[in-house]
1. Report the convex hull volume per residue for segment 62-107, counting only C-alpha atoms, in Å³.
2. Give the calculated FRET efficiency between residue 135 and residue 183 to the nearest 0.05, with a Förster radius of 51 Å applied to their Cβ-Cβ distance.
3. List every residue whose amide H lies under 5 Å from the amide H of residue 110, counting only residues 5 or more places away in sequence or on a different chain, with H placed 1.01 Å from N in the peptide plane.
Amino acid sequence: MKRIDFRDQISRNKRKSFFLITFIAIILVALGYVISFAFSPEYFFLIMIIAIIFSLSYTLINYYNSHKIAIASVGAIKAKRSEYSDYYRLVESLTIASGLPMPELYIMKSKQINAFASGRDPEHAVICVTEGALEKLERRELEGVLAHELGHIGNYDIRYITLVTVMVGMIAIISQIFLRSLWFGGGRRGNDKSGAIFMIIGIVLAILAPIVVMLVQASISRKREYSADATAIKFTRNPNGLIGALEKIKGDNNPEKKVSKALAPLFFSNPLRKMGGTHPPLDDRIKVLKNM
């Protein structure tokens, strides 16, 4: 099988993420376009303004406080250098290799092998690992996991997630307002044939669009995981540590970590094993890494 260059893998996944975001934007425009024909322009603009205000306000608050929210939601505590000196040394050596600033380091109580990174940019970033990861992973395996999380920080994945969340939120709000407004008949255009056709198309789009964009959102999340894996190889120049960590996670039988579904995509591996879609299958990630 042809070997995969990590630089090509990073570029390929960034391109795919861009096209998927563009697809969500097209759905947003199409939904707005159809509703504008089904309703009077004034009513349509009211829907758009409400959707923009709600989705932007909610997302910006979460964006600027993402690292604080993530840490608080899992009950993590700040790692003391005196107790976790090897954890600090590994991250410090990786920041030197990557050119990234040193993030704040945290520990999360869980026997599951896992980790996550959060923060709106490298200057406001945190990395959190589980106690299980520190106990069960060898040094090179832990280094691979930490390099993966630094990859998310260096690739500005929180910004990608924020952009997608804003658009997905707008589509969901617009769809809900449109469908609920049909009960009252407000702002509706005349009962001409073309208006009725656009009304039917609008209803179908309003029902299907939120489902489709959520699937696309999950696909973007999976692409970002592949990119972070490839970036970890760029930092460490050794895929074996990351492969070893993923193989240990496959055999890890500890119970699910109770975390918010919104937070699950940030983790190194899906902490909610019954909720698929946010991460690529472990076997697929291992296969790609073995070909690098």
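1. In segment 62-107, the Cα hull volume divided by residue count equals 76 Å³.
2. After rounding, the FRET efficiency stands at 0.35.
3. Under 5 Å from the amide H of residue 110 lie the amide H atoms of 131, 132, each far enough along the sequence or on another chain.
Taken together, the values in this text are just the output of simple stated rules run on the coordinates, not laboratory data. In this text the structure is predicted, and so the values were computed from the model without any measurement. Reconstructed Cβ throughout: ideal geometry from the backbone, glycine too, with neighbour counts over all protein chains shown.
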